[in-house]
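The values are calculated or read from the model by the stated rules, or taken from the named source; none is laboratory data. Please read all numbers here as calculations on a predicted model, not as lab measurements. Positions of Cβ are backbone-derived with ideal geometry, glycine not excepted, and every protein chain shown enters the neighbour counts.
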């Protein structure tokens, strides 16, 4: 497996390139009996889609997903679910100018060295277009987790460049193109992005994601900890450079008295841990954050070399997001859903004999 | 597999509890022909071992590793390498006081909910003692990577609580008990730790780790990216709450012009990316950092509940590190080595047909 | 993963049901640089296709495969290869008569008990139509093995019911609809099949498969032996009930002096072992045979029960092969190719340091 | 993973060589709460042990297994179970005579070509001694399956060379050194073996194995079928050359009317299928048979070559079983237990939502 699958019992495999005929995914391991139609997945796909505001790429992608298998009379059957998105906006653009060029910050050079061949059209396999399939596959996990366990998963933009954003109002997140949960800052975001776009530069971002309503005990000790698998899943998203759980890097500066979450019969007093202890869920919110680098494709010229090692200047002219972090919110939600789903199936496979009854420590409700 | 294995072609499986008869590991997939004896592994084990200075736990652990298989006449045979460390310091301590107690910040509660049974002696399976086996297994990967590819892997303490530490002098790292690469700060560290120990509290830390001399192209696209697998491996270390590659979280505040690493015929101009692009190694240093939370076992009392949900006070009296981050440096090195080794084997399995010749962009030399 | 993938480095995942919109496969791990077009795969698909003679099902299947990804300018890129076959002959047949019935010898009952829901149209996921994708995926492995290693893989019908067939003439295999390598028996086969078809009954078969030109050393010791993985792959084909390597079950009646393959400087004297020793290839032909049960769908009525446990009579009226074994030959070739390809990649991943030079014992040439 | 692990949720990894310090296994994924001590495993180990009658090797092996982890106060904890068997009978025998020789029928040549180095003492990693650990690990699965699901697993000798043996009396199996279930044939077996031993030759065997009491629905469709995984597991046992399920190779000569197992409200009328349909268990006995080749180590000289390709004569002088098939019965039981256990955990992980109630077709009771 050259790395295009994730999950052990709930396994998602994706394929497809930015400018090939189609992209697809296979979701293997979805339990039978879940009501599922394309429209259940389309909502999240549309949230990820470019072109929904002036702050994201104006590229038009036909993110219409088709379910090819694994569903019968509206319910999953336990068979693998094939998902397909045809590429319809494969503009007959001429990519020959970059066919021999290594764009800084892109995978051009590393793919070239690894494979000796490269589908350079729109980034090929390394294009973020692949994440559309993650969102579709994650939608299945999300629906299951919500309907069967009452788990809710939600993401938000936690920082756009220098602008830090609080998690103030969940309901606001889907009312603005930034996935911003602090509506009073929308004006600042608009101005910042307008300025950025004019400058031809790009900027990084931080995205937060949270799952509420999980039972305690999900995850596995040692290597397949829930937090380690979340770190893997989020870091596998294009442009992500850092992942933290709970207080994350801030924990390094904390004292033990400050960080340890004390417990009373009413529940955990705080949640510095971010919902996991020893790699297993505690029943509190699982909270993670990921940092995304600024888009590498910018209008400002940069130095590079071509496949012969000759110096070259790179200027991007296409339709690119000045901040890829914005559209990453639904992807983070999808990846978290995939990890949690996988761990739920693993957990009950191995621990269904355990009568754990009502959790000793009251957990946060999911709905 | 309930999660005690890591790696696909170079696979490390660990077993054992803090106070059981022994801990062990199986390293499956090591190429044949590598010269290997116990003494090759003991050095790193000793670096991780507690009790080497007054700043770490005074617990004495008999970290003597035995190689049980996979080596014949001093060389690896391609068969799985069994490693064993007997527990000799299983003091007949009475753990009954914590047998029904959930210590805050520990895995007590989550193990209890997951398994309905818990080996409470010294943390059982969740004890950091398990990481000794990671260090031993990682030592095999390190030796191979160094001898066959010229790769050097090194860690350092990047922050101890509020004290940030620069990577100034590699050679100093092994000359002090802090793995500090900025010798002029040793006095500050000593004072800080002495004060901390007196207070009965603990503190977090940041550990950095770096691999130099890698060929470009290691890693797999999409889910099994090199950086995603590093994030997984580091986040699987006890107490780690955050992982970043290259500029990590700082990338979120950067502009594209600042972050993208320009290229000239002489090589990459900068290394904000931390040595990976598109999930594959670039040939530059692979650089990662991880944040560790403060030790949960502290002398200052804290509130908790017992397995019946009744309130209880928790006070730790044992021999504990006031900063677990210090001894985590060799563990981080080991985990990085395991990930790189696995990706090297996968890479050449799938790409050995590619004649990539001399890398187009000169890479950093490893030795 | 609910079991729809095979292979560790060369991984094939299939999806799709007999009467859904499409079936597909993802081939992950194919090395880059292999010349590949749909027409390279179509040949084997046509060999498996029903309706090519009066001795197989007259069902018409549109086995036109499309490559959706992983190929650029006619060469594989190292990215996953998406394959798709649309279902065009989904006759609007009414399957309601079997929707609540468990047909003897079919997976109806076991799927019902496992999943609580069943796509009963044409067997759903348990239909042999799924094997078309295996043939397509296996075609990629075959092409690679042939071009890079000079390996040839060939299957033949070794028995049709009571008629045992010798491996006499390779070149005859593709000249008759039975994959028979003993042309003088074709008349017997025709008569037998005509008689069988008239009777409304079905019959079992044995299929042989062979790989020539392998280097020695492929396979892994202990669990992932080459022969064990071949047994797994062949037994995973619909209707297969037995698998043997080399002399197989006949070995049980042999003496050691008879079975052990002596060696001279000119090579192995015999090949009772079927090309593997200790789970690794010897360089001789790898030879396996598989037994297929008679088709369960026959015109002669049989007793069964429905989903309520009520007795029912089952009579098949559709278009079915009276001997499913005949069309299984290309499937066996495909599965062998997939296993060998996977082991080749694993082998060189872990053993590329070994300079094994010219094999000590001359091996059989592949081409 | 170079192939020393089996199972996905219930994973067994073995390590160790015939003449190294120790052999071991890690059993990862055993559910918590199972009562377990060494004595639960020792019984099966003793059944496999050589030297229990004059018909098996007179070698004395110290098959005393120690549990190193994963058990606390007599119950499994969900943590990996480390198992260890020290090698005590490592006679200081001189193996230098075979150090450069490829014994016919052994893995000597293939290991040499694969690894370029070989632990030649007693077969090294390819020694059947490794199977002791499979028996120990399988004992855990067996105990769980029996206690939790009421499943009984039993093996028997189905043929010794030309002597076919019926499954007549379960209770007789453990009363004789042949695992023979037809006590009236014991005299024939004794005479045949005495004659064989005198001749210096060896002979093959067939071993049957059966699981009774399984619920329907275990297994996964397509590649990870229950029967395919059984074929893999049994074929991975040293010396096995063929595997069949139910009627196996006899199915090839059967008509559909003969083979299909009709169903009445009282249950399946017959069990030609061997307890699986479509790769899933039916609730009937799962029945498999495996063919073992004759021991390769015999006293009668044979031709071979050495590592330089020079001709050489091979004569075995050590203590070897004239029929390795006899002692393979407990190994077959162990492998079947491991496969069933893994599929049980996978099944309930993915299908625990399905309320399948009482099976529609009454199943065979297990106890």
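Looking for whichever is touching a strand residue (DSSP E or B) at 6+ places or on another chain (Cβ under 8 Å), within 11 Å of chain C (Cβ to nearest Cβ) and either in contact (Cβ under 8 Å) with a residue 12 or more places away in the chain or assigned to a loop (DSSP other than H, G, I, E, B) (or both) here; the options are D:129, D:103. Which one fits? Outline the logic, then answer.
Working: D:129 fails: within 11 Å of chain C (Cβ to nearest Cβ).
Result: D:103 is the single residue among D:129, D:103 that is touching a strand residue (DSSP E or B) at 6+ places or on another chain (Cβ under 8 Å), within 11 Å of chain C (Cβ to nearest Cβ) and either in contact (Cβ under 8 Å) with a residue 12 or more places away in the chain or assigned to a loop (DSSP other than H, G, I, E, B) (or both).
Against the test of being part of a loop (DSSP other than H, G, I, E, B) and more than 11 Å from every other protein chain (Cβ to nearest Cβ), the options B:332, B:365 yield a single qualifying residue, B:365.
Looking at region D:350-359, is at least one residue assigned to a helix (DSSP H, G or I) and touching a residue at least 24 places away in the same chain (Cβ under 8 Å)?
If we filter region D:350-359 for residues that are assigned to a helix (DSSP H, G or I), which is where we start, we get D:350-351.
Okay, now just the ones that are also touching a residue at least 24 places away in the same chain (Cβ under 8 Å), so D:351.
The answer is yes; a qualifying residue exists.
When we screen D:32, D:50 for residues that are touching a helix residue (DSSP H, G or I) at 6+ places or on another chain (Cβ under 9 Å) and over 26 Å from residue B:20 (Cβ atoms), the only hit is D:50. The set of residues from region C:116-126 being within 9 Å of chain D (Cβ to nearest Cβ) and assigned to a helix (DSSP H, G or I) comprises C:123, C:125, C:126. Scan region D:151-180 for residues that are closer than 28 Å to residue D:342 by Cα and in contact with a helix residue (DSSP H, G or I) (Cβ under 7 Å, 6 or more places away or on another chain) and the total you get is 8. Of all the numbered requirements in (1) at pLDDT 95 or above; (2) surrounded by fewer than 24 Cβ atoms within 10 Å (Cβ to Cβ), residue D:317 misses one, and that requirement is (1).
What number of residues within region B:1-19 are farther than 29 Å from residue C:346 by Cα and either in contact with a strand residue (DSSP E or B) (Cβ under 6 Å, 6 or more places away or on another chain) or at pLDDT 95 or above (or both)? Outline the logic, then answer.
To start, the set of residues in region B:1-19 that are farther than 29 Å from residue C:346 by Cα comprises B:16-19.
This time we only want the ones that are either in contact with a strand residue (DSSP E or B) (Cβ under 6 Å, 6 or more places away or on another chain) or at pLDDT 95 or above (or both), so: B:16-17.
Residues flagged as farther than 29 Å from residue C:346 by Cα and either in contact with a strand residue (DSSP E or B) (Cβ under 6 Å, 6 or more places away or on another chain) or at pLDDT 95 or above (or both) within region B:1-19 amount to 2.
If only residues of region B:16-46 that are within 8 Å of another protein chain (Cβ to nearest Cβ) and free of Cβ contacts under 8 Å to residues at least 60 places away in the same chain are counted, the one that is surrounded by the most Cβ atoms within 10 Å (Cβ to Cβ) is B:26. Within region B:65-77, restricting attention to residues that are in contact (Cβ under 8 Å) with a residue 24 or more places away in the chain and surrounded by fewer than 21 Cβ atoms within 10 Å (Cβ to Cβ), which residue is nearest to residue B:10 (Cα to Cα)? My answer is B:75. What do you reckon, is residue C:317 more than 28 Å from residue C:248 (Cβ to Cβ), assigned to a loop (DSSP other than H, G, I, E, B), over 18 Å from the mean Cα position of the chain (by Cα) and free of Cβ contacts under 8 Å to residues at least 40 places away in the same chain? Here the answer is yes, as residue C:317 does meet what is asked. For residue D:165, are the conditions met, namely being crowded, with 21+ Cβ neighbours inside 10 Å, free of Cβ contacts under 8 Å to residues at least 40 places away in the same chain and within 14 Å of chain C (Cβ to nearest Cβ)? Yes, satisfied. Restricting attention to region C:1-14, the residues that are closer than 20 Å to residue C:238 by Cα and in contact (Cβ under 8 Å) with a residue 24 or more places away in the chain total 5. For region C:268-287, indicate whether the set of residues that are farther than 30 Å from residue C:143 by Cα and in contact with a helix residue (DSSP H, G or I) (Cβ under 7 Å, 6 or more places away or on another chain) is non-empty. Checked region C:268-287: no residue is farther than 30 Å from residue C:143 by Cα and in contact with a helix residue (DSSP H, G or I) (Cβ under 7 Å, 6 or more places away or on another chain).
The residues of region C:292-319 that are out of contact with any strand residue (DSSP E or B) (no Cβ under 7 Å at 6 or more places or on another chain) and at the interface with chain D (Cβ under 10 Å from one of its Cβ atoms), listed by number, are C:295, C:296, C:297, C:298, C:299, C:300, C:307, C:308, C:309, C:310, C:316.
Of all helices (runs of 4 or more DSSP H) completely enclosed by region D:179-285, which ones contain at least 3 residues that are without any contact (Cβ under 8 Å) to a residue 24 or more places away in the chain and either facing another protein chain (nearest Cβ under 8 Å) or closer than 27 Å to residue C:158 by Cα (or both)?
Numbers: elements: D:186-199, D:226-235, D:256-259.
Fully inside region D:179-285 and qualifying: D:256-259.
Residue C:337 - would you say it is more than 8 Å from chain D (Cβ to nearest Cβ), farther than 30 Å from residue D:163 by Cβ and crowded, with 24+ Cβ neighbours inside 10 Å?
So residue C:337 fits the description; yes.
Looking across A:285, A:261, A:201, A:247, one residue alone is closer than 22 Å to residue B:298 by Cβ and in contact with a strand residue (DSSP E or B) (Cβ under 6 Å, 6 or more places away or on another chain). It is A:261. Would you confirm whether or not region C:184-198 contains a residue that is crowded, with 20+ Cβ neighbours inside 10 Å and in contact with a helix residue (DSSP H, G or I) (Cβ under 6 Å, 6 or more places away or on another chain)? The answer is no; no qualifying residue exists. The single condition from (1) crowded, with 24+ Cβ neighbours inside 10 Å; (2) closer than 22 Å to residue B:160 by Cα; (3) within 7 Å of another protein chain (Cβ to nearest Cβ) that residue B:289 fails is (3).
Kindly indicate whether residue D:113 is away from chain C (no Cβ under 14 Å) and assigned to a helix (DSSP H, G or I). Walk me through it before giving the result.
Numbers: away from chain C (no Cβ under 14 Å): no; assigned to a helix (DSSP H, G or I): yes.
For residue D:113, the condition - away from chain C (no Cβ under 14 Å) and assigned to a helix (DSSP H, G or I) - is not met.
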